[in-house]
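Data block below; observations after.
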Amino acid sequence: MVRERRKTEKVEEKQEVVDQEEKVKPRQRSVSRRNMQSLVIGLVGAALTLGAYSQTYVDPGKSLGAGLFVLFFGLLVSEGFISL
C-alpha cells in the first residue's frame with residue numbers, strides 16, 4: 001500500500017510539473033511577439049528618420065518628426081503601455 005501511494009504521488013508530482021510548464025509557455029510567446037512588434041516599429045521609425053535627408057518628397061524636418069514619433073511609439077509598445 002505504501003509503495004502504491006508513493007508511486008501515485010510521484011506520478012501526480014510529474015503531472016503538476018508538466019501542467020506548470022504548459023502554463024508558462026503562452027506567456028513567453030506573447031512577450032516574444034511584443035518584442036518583435038516593437039523591433040519592426042523601431043526599424044520603420046529609424047528608416048524614416050535616416051531617410052529624411054536622402055528623399056525630396058517631404059520636408060526633412062517633417063520626416064525627422066515622423067520618424068521620431070514612430071520610434072517613440074515603438075518604445076511605448078515595447079514597454080507595454082500600448083498593445084497591438
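The values are calculated or read from the model by the stated rules, or taken from the named source; none is laboratory data. Computed from a predicted model, the values in this text were never measured in an experiment. Please note: Cβ atoms are built from the backbone with ideal geometry, for glycine as well, and neighbour counts cover all protein chains shown.
Points worth noting:
- Number of residues in segment 54-84 that are polar (S, T, N, Q) and assigned to a helix (DSSP H, G or I): the value is 2.
- For Thr8, the criteria (1) modelled with pLDDT under 75; (2) of a type outside the set (Lys, Arg); (3) not in a helix (DSSP H, G or I) hold in every case but one, which is (3).
- When residues of segment 48-84 are limited to those that are among the β-branched types (Val, Ile, Thr) and without any contact (Cβ under 8 Å) to a residue 24 or more places away in the chain, the one farthest from Met36 (Cα to Cα): Thr56
- Residue count for segment 17-53, restricted to those that are modelled with pLDDT of 70 or more and either in a helix (DSSP H, G or I) or not small (Gly, Ala, Ser) (or both): 20
- Within segment 62-81, being loosely packed, with under 13 Cβ neighbours inside 10 Å and at pLDDT below 85 holds for Glu79, Gly80.
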